[in-house]
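Undergrad: Supplied in structure tokens, the structure appears directly below.
The values are calculated or read from the model by the stated rules, or taken from the named source; none is laboratory data. A quick note: this is a predicted structure, and the numbers were derived from the prediction, not measured. No Cβ is skipped: glycine too gets one built from the backbone with ideal geometry, and neighbour counts run over all protein chains shown. Just so you know, the surface numbers come from the protein's heavy atoms only, side chains and all, with ligands and any DNA or RNA stripped out. Shrake-Rupley method; radii C 1.70, N 1.55, O 1.52, S 1.80 Å.
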Amino acid sequence: MNRIYYKSTRGNEKKVQSSEAILQGIAEDGGLFVPCETPKVEIDLNKLSKMNYKEVAYFVMSKFFTDFTEDELKSCINRAYDSKFDTEEIAPLTKVNDEFFLELYHGPTLAFKDMALSILPHLMTTSAKKLNLNKEIVILTATSGDTGKAALEGFTNIDGIKIVVFFPEQGVSQVQKYQMVTHKGNNTYVVAIKGNFDDAQSGVKEIFADNEFKEILEKNQYMFSSANSINIGRLIPQIVYYFYAYINLYKNNEIKEKEDINVVVPTGNFGNILAAYYAKQMGLPINKLLCASNDNKVLHDFIDTGIYDKNREFITTISPSMDILISSNLERLLYSLSRGNSLEINKLMKELKQNGKYKIEEDMKKSFQDFYGNHASEKETKDAIRKVYEESKYLIDTHTAVAYVVNEKYKKQQKDLRKTVIVSTASPYKFTNSVMNSIDDCYSDLDDFTLLEKMSELLNEEIPKNIKDLNKREVIHTVICEKNEMDNCIKKLLEIK
Ligand SMILES: *Cc1c(COP(=O)(O)O)cnc(C)c1O
């Protein structure tokens, strides 16, 4: 089999194996690891149709993690996609009227981050063993709400790893916050930041690039790594469900062999949609990748104009996991679109850092044709939740609703009749307030936790067990930190100097 190596988007020529890239998280020059080539696969649907989720996962991931043995990778997969998920299908594709919702929220924290964060810890410990690492790994994570809990869930009580999660104090839903601050586990730290997600993410990236800090860590037998989608070990597992969705469409006689589909992805950090792009590069018949933004529509503007400009007001919306102005994974796409021109990437990223803005060249813009960008306003998002519920008694969350709206806009504009997979990134139970108030004003005075019960009555089903009684659990994590004090905060938590 073809060996795949990884290198930085910023030009450091050193090639590493996947295990090294996973352990490091981010490249030494501050760039992101990308595969030196995208493995092409043959899509034999008769064969693939017989596979369950884990088998499809092996089929896809073994093409990228070529330094893992079959046993190693299968063991990671088996430990990840087990009864933590509330359905054996893992990522069910649900047809509602003529739409297909790819439900990625059946894992322990009810959001799509579980798809990758249930396997990342196992990939990491396996990598550490393979490379005879003798240091303890400290995972630093910035979260817009969902990554934090999913990472805590994945890394808790894993030997040789500690995890620190930074979340924006005012930027997450009540359920999201409680999920994190009540989390138990003696290797876990949760810290509220006085700032927004971009502050948290930039702070973490700066700490990764701080050589002095790196030395202090080494003296103390620690090393940093990342559980954000800047880690390639999070990105690759996300490719799997695009294959799985396509296979299911075929199995259900919704498409013929080789028939093109579209996918619409509610986007923040650009990780999920980038995985879809990688799936397309591998040979999966995807026509358009619809990039759906909320009112923080930097990506919509970028796809239309070729100008990325984060100099704008940060808007707090009802889809908080997408309240992001700096989409880290876009760097990987730009690298790919520029055919690996790391000089250009360095230039653009420097401009972004200095001026908060950059513009790409015409020929790079041309290669953007795989993508379509649009956004949904708050009102459109709420209207979509109500419409889908009234028409079919199917409840979607606010993030999924953003994708739904953008798909409607696309269909209207482009008259494209292809089947579209709507990527459903969170359970409505995670955003009860916004979801319930979208379908009826009568819920406006009730808090998130009362609304959990109302929602379960409405849908005539049990409250998912992982968030039941959440507000009755003990608050364990109470540290709050200024956004420019994150490094000192880490030193205190780890008791290092
Ligand atoms: C993280 C998240 C997103 C955005 O995904 P990216 O990979 O960051 O683009 C969308 N919806 C939900 C519910 C999320 O948790």
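Undergrad: Looking only at the stretch 222-237, decide whether some residue is more than 16 Å from the ligand (Cβ to nearest atom), closer than 26 Å to S127 by Cα and surrounded by 23 or more Cβ atoms within 10 Å (Cβ to Cβ).
TA: Among the residues of the stretch 222-237, at least one is more than 16 Å from the ligand (Cβ to nearest atom), closer than 26 Å to S127 by Cα and surrounded by 23 or more Cβ atoms within 10 Å (Cβ to Cβ), which makes the answer yes.
Undergrad: When the stretch 78-103 is examined, which residues are found to be open to solvent by less than 90 Å² (accessible area, probe 1.4 Å) and basic (K, R)?
TA: K84
Undergrad: Here is a follow-up. crowded, with 20+ Cβ neighbours inside 10 Å, more than 16 Å from the ligand (Cβ to nearest atom) and either of a type in the set (S, T, Y) or outside any helix (DSSP H, G or I) (or both): is that true of Y242 in this structure?
TA: Considered against the rule, which asks whether it is crowded, with 20+ Cβ neighbours inside 10 Å, more than 16 Å from the ligand (Cβ to nearest atom) and either of a type in the set (S, T, Y) or outside any helix (DSSP H, G or I) (or both), Y242 comes out as no.
Undergrad: A follow-up question, please. Can you name the number of the only condition in (1) more than 28 Å from D199 (Cα to Cα); (2) of a type outside the set (V, I, T); (3) away from the ligand (no atom under 15 Å from the Cβ); (4) at pLDDT 95 or above that L395 fails?
TA: All conditions are met except number (3).
Undergrad: Give the stretch 141-175 a look and list any residue that's surrounded by 21 or more Cβ atoms within 10 Å (Cβ to Cβ), at pLDDT below 90 and either part of a helix (DSSP H, G or I) or touching a Leu at 6+ places or on another chain (Cβ under 8 Å) (or both), or say none.
TA: Once the filter is applied, which keeps residues that are surrounded by 21 or more Cβ atoms within 10 Å (Cβ to Cβ), at pLDDT below 90 and either part of a helix (DSSP H, G or I) or touching a Leu at 6+ places or on another chain (Cβ under 8 Å) (or both), the stretch 141-175 yields D146, V175.
Undergrad: Can you tell me which residues in the stretch 388-400 are in a helix (DSSP H, G or I), open to solvent by 10 Å² or more (accessible area, probe 1.4 Å) and not aromatic (F, W, Y)?
TA: E390, E391, S392
Undergrad: To continue, here is another question. Does E457 fit the bill of being closer than 29 Å to L152 by Cα, more than 23 Å from the chain's Cα centre (by Cα) and either open to solvent by less than 70 Å² (accessible area, probe 1.4 Å) or not hydroxyl-bearing (S, T, Y) (or both)?
TA: So E457 fails the test.
Undergrad: Can you give me the ranges of the helices (runs of 4 or more DSSP H) entirely in the stretch 401-497 with at least 2 residues that are free of Cβ contacts under 8 Å to residues at least 12 places away in the same chain and at negative phi?
TA: 448-459, 486-494
Table: residues versus (1) touching a strand residue (DSSP E or B) at 6+ places or on another chain (Cβ under 7 Å); (2) polar (S, T, N, Q); (3) not in a helix (DSSP H, G or I).
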{"site": "G185", "(1), (2), (3)": "no, no, yes"}
{"site": "E218", "(1), (2), (3)": "no, no, no"}
{"site": "S225", "(1), (2), (3)": "yes, yes, yes"}
{"site": "E259", "(1), (2), (3)": "no, no, yes"}
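Undergrad: Could you check K412 against (1) open to solvent by 60 Å² or more (accessible area, probe 1.4 Å); (2) modelled with pLDDT under 95 and say which number it fails?
TA: Only one criterion in (1) open to solvent by 60 Å² or more (accessible area, probe 1.4 Å); (2) modelled with pLDDT under 95 is unmet by K412, namely (2).
Undergrad: Considering each of V60, V34, V41 in turn, give the residue that is open to solvent by 20 Å² or more (accessible area, probe 1.4 Å) and aliphatic (A, V, I, L, M).
TA: On inspection, the qualifying residue turns out to be V41.
Undergrad: Sticking with this one: Considering each of D309, D295, D323, D304 in turn, give the residue that is touching a residue at least 24 places away in the same chain (Cβ under 8 Å), of a type in the set (D, E, K, R) and within 13 Å of the ligand (Cβ to nearest atom).
TA: On inspection, the qualifying residue turns out to be D323.
Undergrad: Within the stretch 265-292, how many residues turn out to be closer than 20 Å to K357 by Cα and more than 8 Å from the ligand (Cβ to nearest atom)?
TA: 1
Undergrad: Got a sec? Which of I385, I324 is within 30 Å of S434 (Cβ to Cβ), modelled with pLDDT under 95 and either surrounded by 18 or more Cβ atoms within 10 Å (Cβ to Cβ) or not charged (D, E, K, R) (or both)?
TA: Answer to the check: I324.
Undergrad: Quick one: which strands (runs of 3 or more DSSP E) lie wholly within the stretch 266-382 and hold at least 1 residues that are over 23 Å from the mean Cα position of the chain (by Cα)?
TA: Fully inside the stretch 266-382 and qualifying: 307-309, 357-359.
Undergrad: Please specify each residue of the stretch 372-392 satisfying the condition of being of a type in the set (A, V, I, L, M) and more than 16 Å from the ligand (Cβ to nearest atom).
TA: V388
Undergrad: I would also like to ask the following. Could you tell me which of the residues K430, K472 is at pLDDT below 95 and more than 16 Å from the ligand (Cβ to nearest atom)?
TA: The unique qualifying residue is K472.
Undergrad: Counting only residues that are within 23 Å of T125 (Cα to Cα) and free of Cβ contacts under 8 Å to residues at least 12 places away in the same chain, give me the helices (runs of 4 or more DSSP H) lying completely in the stretch 19-115 with at least 1 of them.
TA: 53-64, 70-80
Undergrad: Sticking with this one: For the stretch 305-321, does any single residue satisfy the condition of being at pLDDT 95 or above, touching a Gly at 6+ places or on another chain (Cβ under 6 Å) and open to solvent by 10 Å² or more (accessible area, probe 1.4 Å)?
TA: yes
Here is a yes/no grid of residues against (1) in contact with a Gly (Cβ under 9 Å, 6 or more places away or on another chain); (2) over 25 Å from N220 (Cα atoms):
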site	(1), (2)
L459	no, yes
P464	no, yes
L470	no, yes
V479	no, no
K483	yes, no
D487	yes, no
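Undergrad: Can you find, within the stretch 142-152, the residue that is farthest from A111 (Cα to Cα) among those that are within 13 Å of the ligand (Cβ to nearest atom) and not β-branched (V, I, T)?
TA: It comes out as A142.
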